[in-house]
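The block underneath contains the structure these notes are about, expressed in structure tokens.
Please treat every number below as a calculation from the coordinates, not as lab data. Because the structure is a prediction, the values reported are computed rather than measured. Every residue, glycine as well, gets a Cβ built from its backbone with ideal geometry; the counts of neighbours run over all protein chains shown.
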């Protein structure tokens, strides 16, 4: 059961994506991100290739009726420029096979984004879709916990058949979509959001728990609730922080009691005692050493290396001084630092430009109205925090990238509605007005 359950689920969700009706095909593909049977060497692996490259191309064809696009947005352009520069920086890499793997992942993520955007045009990515995916994800995690508990090598962390950090990232994305929805009943939204938060607590990801809390506060302040509710949330947060400081010793005694069974509590307890080598802080000491050595490597580099980078995947040289045989695509545990070290100022500016373009896109989509842009906007701070703790760019088709791309596709509903309404206003102001039947309703098929 332990060995065959993830493979059986992989085949089930893959089959759904290929043969099921369009809506269930998308649900199957999103759930497939929770099954990671790939490799950690230079090859992509047959199953990862099928999930990240072959299946998206097939689904692009399945959703061909919703092909085409309106005005080009900056995000895909910057992503293509970043991918091109990663390829250029691969000319002086010491790890060409891994660099090629990274380029394949970047192209795969672009294909997946195009496919999901087509699905959103057809009305197949909605809040209802995300509710089903959230319930399915929690179900897979429960199956992993009770039926294949030792699979994956981290039995103390609640997760699906994917990396524990990836699961926490995907759950955070689902949480942002659920908590900001006004179309769901209060009971369903509260229950599902609470279950998702609880799963992150059981998962023990410190990085994504912080991101989830930041996203929660942002969700309150961008929501349409009354101003007094927003003020009350701020006051309660302030009171909680004050109480935590005033009763710090009592709180830490309770945390110490919980540290034997929870990874987050263990991390807080070890940090409080100043024991940075303890298991509760995981790889904190490794990450701290990597950070200082990478910064030193950037500072000691030539002007050309500072501007153009040391080369794609060459950050593994720094990691190799600490650990044996590091994965060059996941060596530095920090995408911001990796961008500066491997691709220089040019690459870092492209990466910052991409993140900035997503913020701009989400804000434009919020102005378009509807219930679909707030999830992306509230998730981006958590995603930015996650980038500082993990290397997640080389992740086409897995839970981290699918969470972000799912929210981009959801936000595109509001973005397209805003663009259509702007075009209608422009025609009316010009004195011509829209032709009868030319413009479809703003949120057709999105409920």
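Just check region 56-103 against the gyration tensor rule for me: Cα atoms, a ≥ b ≥ c as the square roots of the eigenvalues, rounded for a/c under 1.5, and otherwise prolate or oblate depending on whether a/b exceeds b/c.
oblate
Show log10 I(q)/I(0) for region 1-154 at q = 0.13, 0.15, 0.16 Å⁻¹, two decimals, from a solvent-free Debye sum over equal Cα scatterers.
Debye curve over Cα of region 1-154, log10 I(q)/I(0) at q = 0.13, 0.15, 0.16 Å⁻¹: -0.72, -0.92, -1.01.
Apply 1/(1 + (r/R0)^6) to the Cβ-Cβ distance of residue 425 and residue 61, taking R0 = 35 Å, and write down the FRET efficiency to the nearest 0.05.
Efficiency computed from Cβ-Cβ geometry: 0.45.
Sort 36, 334 so that the residue with the fewest other Cβ atoms within 10 Å of its own Cβ comes first and the one with the most comes last.
Arranged by neighbour count, lowest to highest, 36, 334 become 334, 36.
Set the Förster radius R0 to 25 Å, insert the Cβ-Cβ distance between residue 185 and residue 132 as r into 1/(1 + (r/R0)^6), and round the FRET efficiency to 0.05.
Computed FRET efficiency for residue 185 and residue 132 comes out at 0.95.
Which order do 327, 156 fall in if you start with the one that has the fewest other Cβ atoms within 10 Å?
Ascending Cβ contact count within 10 Å gives the list 156, 327.
Neighbour counts of other C-beta atoms within 10 Å: give me 154, 342 arranged from fewest to most.
The fewest-first ordering by Cβ neighbours comes to 154, 342.
Whole-Å semi-axes of region 304-406's equivalent ellipsoid, largest first, each the root of 5 times a Cα gyration tensor eigenvalue?
Output for region 304-406: semi-axes of 30, 16, 9 Å.
Evaluate the distance, in nm, between pseudo-label points positioned 7 Å from the Cα of residue 307 and of residue 91 along their respective Cα→Cβ axes.
1.4
Report the rotationally averaged projected area of region 40-125 based on its alpha-carbon convex hull, in square nanometres.
Average projection, Cα convex hull of region 40-125: 6.5 nm².
Which length gain, in nm to one decimal place, applies between residue 142 and residue 363 when the Cα-Cα distance is subtracted from 0.36 nm times their residue separation?
Result for the pair: 76.0 nm of gain on full extension.
Please report the spacing between the Cα centers of region 12-38 and region 126-162 in Å, no decimals.
15
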